[in-house]
Amino acid sequence: VGVDLSPAACAEAEKAVTAAGLQERIQVVLGDAGDLAGISTIGDVQLVVTFFLLHEILAGGRDVLVGYLAGMSKALPAGANLLVAEVEPPQGGGGPDKPFTAEFTYLHAMMRQVLLGPDEWSSVLEEGGFTVREVLRTSMPGCILLLAENTGV
């Protein structure tokens, strides 16, 4: 199940699904990923992938994000996985190979979008009902991947 607010993104996703011949396996939903109740098939999902979404929810406060994750944990089957791509705060100065500068962090702070480090992301995910299995840094500067499993709590 792919969920996006953008009709254009959903149309492109539908084209890609059709081109891959996966219409029987993949459903594209125009909607808000923040509205878990609006995703009727979430109880059958085995893997949720979020790319740079959770810090947007965190802008509402840590309790809001933990509540969102707890709702997701409750809606998903036990053992389902959550793959999170997020931005961590910059380590040191910027440069051509380090685009996440102090200015980037400042902009996110102005928008109330907090950038967490791997330990903090792990803590939030665990509070929300997930057990973090792996944390990886990627070739994209500042990007981390966290793989978590729904504990069904």
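Structure notes:
- Only listed residue being over 15 Å from residue 121 (Cβ atoms) and of a type in the set (A, V, I, L, M, F, W, C), chosen from 83, 22, 54, 69: 22
- Qualifying positions in region 1-35 - surrounded by 15 or more Cβ atoms within 10 Å (Cβ to Cβ) and either touching a residue at least 60 places away in the same chain (Cβ under 8 Å) or acidic (Asp, Glu) (or both): 4, 14
- Identity of the residue in region 46-56, open to solvent by less than 30 Å² (accessible area, probe 1.4 Å) and modelled with pLDDT of 90 or more, that ends up farthest from residue 118 (Cα to Cα): 48
- Filter result (at pLDDT 95 or above and either within 19 Å of residue 80 (Cβ to Cβ) or touching a strand residue (DSSP E or B) at 6+ places or on another chain (Cβ under 6 Å) (or both)) within region 14-39: 14
- Single residue of 82, 107, 76, 147 found to be open to solvent by 40 Å² or more (accessible area, probe 1.4 Å), among the hydrophobic types (A, V, I, L, M, F, W, C) and modelled with pLDDT of 90 or more: 147
The values are calculated or read from the model by the stated rules, or taken from the named source; none is laboratory data. These numbers come from a predicted model, not from an experiment. When we count neighbours, we look across all protein chains shown, and the Cβ atoms used for this are built from the backbone with ideal geometry, even at glycine. Just the protein is used for accessible areas: all its heavy atoms, side chains included, with ligands, DNA and RNA removed. Shrake-Rupley method; radii C 1.70, N 1.55, O 1.52, S 1.80 Å.
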